[in-house]
1. Against the conditions (1) modelled with pLDDT under 90; (2) among the acidic types (Asp, Glu); (3) farther than 19 Å from Thr74 by Cα; (4) in contact with a helix residue (DSSP H, G or I) (Cβ under 7 Å, 6 or more places away or on another chain), where does Glu259 fall short? Just the number, please.
2. Name the pairs: first residue in the range 45-64 and in contact (Cβ under 8 Å) with a residue 40 or more places away in the chain and closer than 22 Å to Lys266 by Cα, second residue among the polar types (S, T, N, Q) and surrounded by 14 or more Cβ atoms within 10 Å (Cβ to Cβ), Cβ to Cβ under 7 Å, at least 6 apart or on different chains?
3. Which members of the range 211-233 meet the condition of being within 30 Å of Ala15 (Cα to Cα) and loosely packed, with under 15 Cβ neighbours inside 10 Å?
4. Looking at the range 72-82, is at least one residue over 23 Å from the mean Cα position of the chain (by Cα) and either surrounded by fewer than 19 Cβ atoms within 10 Å (Cβ to Cβ) or in a loop (DSSP other than H, G, I, E, B) (or both)?
5. Tell me, which residue of the range 239-266 that is surrounded by fewer than 19 Cβ atoms within 10 Å (Cβ to Cβ) and of a type in the set (Ser, Thr, Tyr) is nearest to Glu225 (Cα to Cα)?
6. From Lys371, Lys360, which residue is in a helix (DSSP H, G or I), under 30 Å from Leu240 (Cβ atoms) and charged (D, E, K, R)?
7. Quick one: which helices (runs of 4 or more DSSP H) sit completely within the range 183-276 and have at least 2 residues that are touching a residue at least 24 places away in the same chain (Cβ under 8 Å) and of a type in the set (D, E, K, R)?
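The values are calculated or read from the model by the stated rules, or taken from the named source; none is laboratory data. Here the structure is a predicted model, which means the values were calculated and not measured. No Cβ is skipped: glycine too gets one built from the backbone with ideal geometry, and neighbour counts run over all protein chains shown.
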Amino acid sequence: MTQELLQASLQEKIADYHQWRNALADTIIGYRDWLVRSDSSNSLQELRLTDFADMLRKDRLILALVAEFSRGKTETINALFFADHDQRLLPSEAGRTTMCPTELLWEEGEEPCIKLLPIETRLTDDSLTYLKTLPKLWKKFRLETDFPEQMRKTLRQLIEKKEVSIEEAIKLGLWSPKDPNNALQNRTHIEVPVWRHAIINYPHELLKNGLVVIDTPGLNALGTEPELTHKVIPGAHAVLFLTATDTGVTHSDMQIWNEFIRDQAKYKLVVLNKIDTLWDDLKSEYEIAKEINRQVENTARDLMIPKHQIFTISAQKGLLAKIKKDPALLRRSNIQLLETELSNQLTHSKQEIIGDTVAKECSEMVKQSRKLMQSKLNHTRVRFEELKGLLGQHQTVFNELVAKAQHDQQRYQSSLPVFKEAEEKINRIGKKLLRHLSLTYLD
């Protein structure tokens with residue numbers, strides 16, 4: 001299977017969902033218009049249905065990638081969505097990883113850009129949702145989509161760090177003296193991210209069809225940004241939890257899984273990344289597969305999930321295979337299996353959520369409409385029966401009137417000769433009287 005077919009499959013799934021969602025919104029608007037035409041609605045119902053249809057059209061599919069540092073989240077995003085640039089679009093290199101939560105989306109009407117929220121905004125109690133309404137606080141940089149190298153350089157700001165004093169780090173909520181790991185370190189300064197949050201507005205076909213990809217930068221970010229743990233992850237339509245074969249399931253991996261994924265994320269996929277570290281030219285394919293399967297069994301045991309819910313991939317080799325158009329390496333990376341399952345998971349979970357929402361929002365209205373229409377139909381049937389009865393009565397009266405008219409016509413026709421004879425007689429008498437009254441006759 002080629003890269004183009006795999007990418008098309010993912011894009012087609014998202015595009016099909018986009019069309020299904022818009023068709024559902026059109027149906028709701030059609031229902032609203034029907035209520036208006038049938039005089040069965042009120043202003044509140046019209047407003048609710050209009051708002052609901054608008055919400056559907058603006059709704060998004062949210063994919064969140066969650067893992068500890070250096071598990072390959074950013075490389076997985078590059079492999080899944082940005083291989084068509086023939087290079088890494090998002091920065092991913094040894095020792096340099098994404099430092100702040102990053103959203104990839106497409107907002108119609110805004111230019112391609114990256115917006116960065118300074119880490120100093122943590123000094124306030126304002127939520128990220130509120131801060132997103134304050135554009136002056138964000139640093140905005142245009143993305144030159146026709147020049148991938150320039151875009152790559154611009155996006156390297158995602159990995160920027162700076163040194164701050166321990167006192168400043170405490171104020172920012174990025175250092176706790178009560179943490180036993182911190183207490184053991186005799187330090188006066190630490191490195192912190194330059195940015196608190198990033199939003200990348202990029203015109204990718206999947207993003208245009210409503211997909212939003214959220215890259216979280218590890219346990220520290222999850223612990224310091226409550227909105228990620230209490231709103232974004234539970235609300236995501238698919239959560240990719242990544243572990244790596246070179247580290248196994250670590251203590252911090254288990255902490256993320258137990259605290260933020262296992263019970264909070266309804267729709268989740270577990271990815272065992274970096275299987276290429278197990279590839280060994282001195283081992284047979286069977287030995288390599290056996291070792292990978294052992295890693296899968298260990299991961300399934302640690303996370304207490306079935307083995308079939310774990311996907312083994314090499315994001316780095318998958319990206320390389322797509323760039324070099326190498327179908328054999330692409331198959332070996334297993335990235336295509338993840339793409340297929342991811343597209344199914346995203347669309348299925350979202351359709352399930354929308355179905356429940358539509359049922360909740362509209363089912364009572366539809367029930368009332370059916371009840372009202374049934375009442376009107378019953379009333380119409382009664383009136384129809386009454387009219388049928390009146391039609392029978394009116395037919396009898398009509399027949400009597402027709403018979404009377406025919407009888408009167410016959411009497412008239414039979415009287416015509418008498419009328420004519422009387423007319424002639426009157427005319428003769430009239431002429432005779434006129435002669436008697438003439439002057440000649442009088443003289």
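1. For Glu259, the failing item is (4).
2. Ala64/Thr216
3. Selection gives Glu227, His230, Lys231.
4. yes
5. Going through the range 239-266, the residues surrounded by fewer than 19 Cβ atoms within 10 Å (Cβ to Cβ) turn out to be 246-248, 250-252, 254-255, 258-259, 262-264, 266.
Retained after the next criterion (residues that are of a type in the set (Ser, Thr, Tyr)): 247, 250, 252.
Details: Thr247: 26, Thr250: 22, Ser252: 17 Å.
Residue satisfying both the conditions and the ranking: Ser252.
6. Of the residues listed, the single one that is in a helix (DSSP H, G or I), under 30 Å from Leu240 (Cβ atoms) and charged (D, E, K, R) is Lys360.
7. 205-208
For every residue, the table says whether it meets (1) more than 30 Å from Asp246 (Cβ to Cβ); (2) in contact with a Gly (Cβ under 8 Å, 6 or more places away or on another chain); (3) at pLDDT below 85.
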position: Gln7; (1), (2), (3): no, no, yes
position: Gln11; (1), (2), (3): yes, no, yes
position: Ala25; (1), (2), (3): yes, no, no
position: Gly30; (1), (2), (3): yes, no, no
position: Leu35; (1), (2), (3): yes, no, yes
position: Ser43; (1), (2), (3): yes, no, yes
position: Leu49; (1), (2), (3): yes, no, no
position: Leu63; (1), (2), (3): no, no, no
position: Val66; (1), (2), (3): no, no, no
